[in-house]
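Report on the structure given below.
None of the figures in this text is laboratory data; all of them are computed from the coordinates on show. Keep in mind the model is a prediction, meaning the values are calculated, not measured. Heads up, the Cβs are rebuilt from the backbone with ideal geometry, glycines too, and the neighbour counts pull from every protein chain shown.
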Amino acid sequence: MRLVVLGSPNSWYFADLQRAAAGRHTLTAAPFSTLTSGVVDGRRRVASGGCCLNDVDGVLVRTMPPGSLEQVVFRMDALGQLEQEGIAVLNTPRAIECAVDKYLATCRLAAAGLDTPETYACQTADQAMEAFDRLGRDAVLKPVFGGEGRGVTRLTDADLACRAFSMLQQLGGVIYLQRFVPHRGEDLRLLVLGERVLGMRRRNPADWRTNISRGATAGPLEVTPELAQLARRAAACVGASLAGVDLLPGVDGRLYALEVNAVPGWRALVQVTGVDVAREVLALLEQMARR
């Protein structure tokens with residue numbers, strides 16, 4: 001099959017996917033930054049990096065770089081056009097849109113019956129300070145869009161919180177706050193691949209954030225049927241067939257669903273589980289392309 005990976009040709013992930021393809025598929029890397037589209041005589045064409053995406057069997061979205069609102073909307077629209085023409089897109093643009101928006105994802109998780117931290121989203125500093133008080137003045141401020149723990153800050157001081165909220169208001173941002181969940185320095189990262197679920201523990205004794213990019217270490221995890229079911233429910237609520245689901249065991253005994261990532265990494269997971277995740281990802285895309 002002819003497959004396009006939307007991401008950097010120099011990334012570890014593209015190299016891993018090429019290895020896993022092992023001659024069964026032809027893989028081409030194409031960056032989002034050069035994505036173009038045209039409509040000529042009623043025909044819609046989408047291209048990137050010299051490759052016409054209308055002529056391939058499947059597209060794997062391996063990265064979601066930042067951009068202006070216009071750029072992000074255009075990228076999702078272009079992927080939507082490919083999906084309408086019957087080309088397999090993993091994940092679908094709608095799933096990516098839902099997962100990348102922390103506010104929307106949290107609403108979906110809560111609607112699906114998963115435990116989520118108490119959450120407030122607002123646009124003014126005064127509203128944010130009221131929410132900060134309701135959260136017991138121990139809250140986590142997160143960018144609505146973003147990943148790998150970037151821009152995530154724990155606030156326990158009212159003066160610092162007020163300054164942060166005022167700055168975000170001046171920038172025209174949305175202030176997204178969650179109650180800090182006391183935990184034991186670890187969380188669970190589950191990777192959903194269709195019906196299959198893999199998992200690992202992430203521990204970080206030096207930081208309350210447990211992202212691998214923040215210095216956390218990965219360890220083995222027994223994925224029980226209950227954990228697998230939670231992960232599938234979380235992925236399904238944003239419509240993702242491939243998803244990284246973050247679950248946080250709180251000291252109160254509850255298991256909180258924090259985030260669903262529709263463009264998940266798997267490098268640490270491979271080292272912990274020994275599973276050829278890249279091969280599994282390609283098999284999932286191949287299955288979608290043959291439907």
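A few remarks follow.
- Over the chain, equivalent-ellipsoid semi-axes from the Cα gyration tensor in Å: 34, 24, 16
- Region 119-179, Rg to Rh (Cα coordinates; Rh as Kirkwood inverse mean 1/r): 0.92
- Projecting the Cα atoms of G172, G239, I212 onto the charge dipole of the chain, computed from C-beta unit charges around the Cα centre, puts I212 farthest toward the positive end.
- 5 angstrom amide H check on G199, placed H, neighbours 5+ away: L191
- Taken one residue at a time, the phi angles of region 42-54 give Karplus couplings (6.51, -1.76, 1.60, θ = phi - 60°) of x, 9, 9, 10, 10, 9, 6, x, x, 10, 7, 6, 5 Hz. Gly and Pro are set to x.
- The 3J(HN,Hα) values that the Karplus relation (6.51, -1.76, 1.60; θ = phi - 60°) gives for region 26-38 are, in residue order, 9, 10, 10, 8, 9, x, 5, 5, 10, 5, 10, 8, x Hz. Gly and Pro appear as x.
- Share of alpha-carbon pairs per 5 Å distance bin for region 2-90, given as whole %: 3, 14, 26, 26, 17, 10, 3, 1
- Rounded FRET efficiency, nearest 0.05, which uses the C-beta distance separating V40 from V73 and R0 of 25 Å: 0.70
- If you wrap the tightest convex hull around every Cα atom of region 48-185 and split its volume per residue, you get 144 Å³.
- Alpha carbon centroid spacing (whole Å) that separates region 61-104 from region 123-141: 31
- Across region 200-291, Cα-Cα distances exceeding 18 Å account for 53% of all pairs.
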